[in-house]
Amino acid sequence: MKKSKKLVVGNWKMNPQSLDEAKKLAQAVKRATRGLKKTDVVVCPPFVFLSPLTSLSDSPFFLGAQNANYEAQGPFTGEVSYTELSDFKVDYVIVGHSERRKMGESDDLINKKVRAVVGGGMIAILCVGEEARDSNGDFYNFIKHQITSGLKDVSKKMLDRVVVAYEPLWAIGARESMSPRDLLETSIFIKKVLKDLCGTFSDSMKILYGGDVDRVNADSLVRDGNVSGLLVGRESLRSKDFIEIIKLVDSI
Ligand code: PGA
């Protein structure tokens, strides 16, 4: 069976401050992806930088958005629809990032976005993750609930267009990533949840890890945590470090 590719996603959040910096960063990453055989790379800039970067999009370098509205069009001031994004050579959309959940996005809204994104032919990166870990393991139920509600009514045939990004909130933006051993336990759990939910269709679904990923922990998180790739925040803004992370993952 052909081994599926790894995936490294850079979430730029509300950075950088100028189009010039955005172009330089994206071009440097794109250059470094030439010759990658085993890894796809996605950068997710703010909406305003997507259009000037579309000409760079070419496998294995892809563009992603950080959010999308599930309505195709209409009176939604300040929003960008999934149809507008797919028209822009955007292949991936981050859905349900914890920073957006904190702004009030509900499980129901996130599910609508997942369905719109995959229905629009793009790949949804569904973010899940607990705020804190408790000794009873209740956080596992929390993760399960987020996955189950995120995937509600998503046609099984479209599940290969969903990537689950596990990002424990306590690790995001922190200086405390998860131990690869704990990640392994959690990735096994997530695979089981997906299997119970989607049967063999879950075989094609990738699981990523995100939260304080850097060039020191990247290799071990993917290798020992047994995930298909990484969702990288801060370090994706430093081209040298991000490229090193990509190369480490590609060599696994
Ligand atoms: P971080 O962010 O790598 O800066 O912790 C990850 C994310 O929020 O996706």
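The values are calculated or read from the model by the stated rules, or taken from the named source; none is laboratory data. What you see is a predicted model; the values in this text were computed from it and never measured. All Cβ positions, even for glycine, are placed from backbone atoms using ideal geometry, and neighbour counts span all protein chains on display.
Quick notes on this one:
- Qualifying residue in the stretch 15-25 (condition: within 16 Å of the ligand (Cβ to nearest atom), hydrophobic (A, V, I, L, M, F, W, C), part of a strand (DSSP E or B) and crowded, with 21+ Cβ neighbours inside 10 Å): no
- Flag if V118 is surrounded by 17 or more Cβ atoms within 10 Å (Cβ to Cβ), at pLDDT 95 or above, under 26 Å from K156 (Cβ atoms) and touching a Leu at 6+ places or on another chain (Cβ under 7 Å): no
- Among the residues of the stretch 210-238, just one is among the acidic types (D, E), within 18 Å of L184 (Cα to Cα) and within 7 Å of the ligand (Cβ to nearest atom), namely D212.
- All positions within the stretch 196-209 that are within 16 Å of the ligand (Cβ to nearest atom) and either of a type outside the set (D, E, K, R) or surrounded by fewer than 18 Cβ atoms within 10 Å (Cβ to Cβ) (or both): I207, L208, Y209
- Tabulated pairs, the stretch 228-252, first among the aromatic types (F, W, Y), second in a helix (DSSP H, G or I), C-beta under 8 angstrom, 6+ apart or interchain: F242/V29; F242/E235; F242/S236
- Looking across the stretch 145-193, the residues that are of a type in the set (D, E), part of a loop (DSSP other than H, G, I, E, B) and touching a helix residue (DSSP H, G or I) at 6+ places or on another chain (Cβ under 8 Å) come down to D153, E167.
- When D250, D241 are screened for being touching a Lys or Arg at 6+ places or on another chain (Cβ under 7 Å), away from the ligand (no atom under 16 Å from the Cβ) and closer than 21 Å to L63 by Cβ, only D250 passes.
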